[in-house]
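Report on one structure; see the data block that follows.
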Amino acid sequence: MMKKRLLVLSACLFLLLLCFFLLCTDIGHDLVLRLFPSANLGENLILWHARHEEDFPAGSPAVSMNFCGSYVLTEVSSPEFSLSAEELDAIRGLGIPLQLEILPDGSAVMNVFDLKTELFCDSDNMLLRTAREDLFYFYQDGRLTVVDGEDHLCFEKAAQEDKDS
């Protein structure tokens, strides 16, 4: 009876250590994300893996032409505050940039509230990579949502006539 309890306790301890490894280390995050690519789709962002690369990856595949283009910020939500489309239109009317541009080679530039950030789009992993962090994104029907922790930036693809003006 004592051997059974010791065996069960050992198994529980092993599972606990395995969970800690998978959820709390960069190596564990990379392993989980490679085995389960759909883990990027979780809204809870438990599986955030930081790759602090200085340069963008070379030779990465180009992104889809449907995905490329100009996007306009239409909604901001975070635990502290939120901005609606109407509020963002008023801000844009003051000449403050609120846009994201994704090019066919995978490079991108996000210019929001006069903060310009160069990005690289990793469409295989649904990440927008900066020099310091990876930002998850979700894309559906011309609407791109960038997730930074608990903050969400929602962009909508700009119409062709908006780009020409």
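Among the residues examined, residue 73 qualifies as in contact with a helix residue (DSSP H, G or I) (Cβ under 9 Å, 6 or more places away or on another chain) and at pLDDT 90 or above.
Here is the figure for region 129-145: residues that are part of a strand (DSSP E or B) and either without any contact (Cβ under 8 Å) to a residue 24 or more places away in the chain or loosely packed, with under 15 Cβ neighbours inside 10 Å (or both) total 5.
Listed by first and then second residue, the pairs with beta-carbon distance under 6 Å, at least 6 apart or on different chains, first residue in region 91-115 and at positive phi, second hydroxyl-bearing (Ser, Thr, Tyr) and at pLDDT below 90, are 106/60.
Results for (1) in contact with a His (Cβ under 9 Å, 6 or more places away or on another chain); (2) open to solvent by 40 Å² or more (accessible area, probe 1.4 Å); (3) at pLDDT 85 or above; (4) over 30 Å from residue 159 (Cα atoms), shown as yes or no for each residue.
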position: 14; (1), (2), (3), (4): no, yes, yes, yes
position: 31; (1), (2), (3), (4): no, yes, no, yes
position: 92; (1), (2), (3), (4): no, yes, yes, no
position: 101; (1), (2), (3), (4): no, yes, yes, no
position: 107; (1), (2), (3), (4): no, no, yes, no
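Considering region 111-128, the residues that are more than 17 Å from residue 99 (Cα to Cα) and of a type outside the set (A, V, I, L, M, F, W, C) include one that is most open to solvent (accessible area, probe 1.4 Å), namely 124.
The values are calculated or read from the model by the stated rules, or taken from the named source; none is laboratory data. Just so you know, these numbers come straight off a predicted model, no measurement behind them. Reconstructed Cβ throughout: ideal geometry from the backbone, glycine too, with neighbour counts over all protein chains shown. Just the protein is used for accessible areas: all its heavy atoms, side chains included, with ligands, DNA and RNA removed. Shrake-Rupley method; radii C 1.70, N 1.55, O 1.52, S 1.80 Å.
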